[in-house]
1. Of everything in segment 54-71 that's exposed (fewer than 15 other Cβ atoms within 10 Å of the Cβ) and touching a strand residue (DSSP E or B) at 6+ places or on another chain (Cβ under 9 Å), which residue is modelled with the lowest pLDDT?
2. Could you please give the count of residues in segment 13-49 that are free of Cβ contacts under 8 Å to residues at least 40 places away in the same chain, of a type outside the set (D, E, K, R) and assigned to a loop (DSSP other than H, G, I, E, B)?
3. Considering only segment 22-38, I want to know if a residue exists there that is in contact with a Leu (Cβ under 6 Å, 6 or more places away or on another chain), surrounded by 15 or more Cβ atoms within 10 Å (Cβ to Cβ) and at pLDDT 85 or above.
4. Only one of SER126, SER108 is at pLDDT 70 or above, surrounded by 11 or more Cβ atoms within 10 Å (Cβ to Cβ) and among the polar types (S, T, N, Q). Can you tell me which?
5. Show the residue pairs that are 6+ apart or on different chains and have beta-carbon atoms under 8 Å apart, the first residue being within segment 1-12 and under 12 Å from ASP78 (Cβ atoms), the second being part of a helix (DSSP H, G or I) and of a type in the set (Phe, Trp, Tyr).
Amino acid sequence: MTIDVEKLRADLRAGLEGVTPGPWRVVQNLGREIVSTRWHPAFKSPLEVVALDEALNLGAYVYIEREDADHIARCSPDNIAALLDALATARADALEEAESKVEAKLRSIAAELTCWAYYEGDGAESVTDCLMRAEEALEEVRNAIRALKDSGKGKAND
């Protein structure tokens, strides 16, 4: 089954409305429970996301808010794998594009250096022009490298 990653991203983003704030963690009470690290103001304990409880006449039961259950379902292993695959592909594409730009700039610098060597004996103005073009190309390489490094940082909002 193919997962539409853009639709999944939009559904996950929209589905965050009403979900118990995190981060979440697992604790051991009557059973393993998921709780928020934020505290319930009235009960002076962590906000429960998934709670195992016991009632005198009902026995043990699990409690979860509808929004939290929907959120957990959206975070299925298939959906997480699809997002991780899409992220890896996007990163690989960005790296390939940046490497291509760097390679093109390096070829440009090599051409400028060839130009410089050719005009070396033809006067200071020609050498200065070649040097300026080589420095501009080098600055473009530096910018491409910065962009490559920044691409690995990721964006928390998407």
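The values are calculated or read from the model by the stated rules, or taken from the named source; none is laboratory data. Predicted, not measured: the structure shown is a model, and the values here were computed from it. All Cβ positions, glycine included, derive from the backbone under ideal geometry; neighbour counts span all protein chains shown.
1. ALA55
2. Residues meeting the conditions: 9.
3. no
4. Selected residue: SER108, the only one of SER126, SER108 that is at pLDDT 70 or above, surrounded by 11 or more Cβ atoms within 10 Å (Cβ to Cβ) and among the polar types (S, T, N, Q).
5. Here the result reads none, with nothing in segment 1-12 linked to a residue that is part of a helix (DSSP H, G or I) and of a type in the set (Phe, Trp, Tyr).
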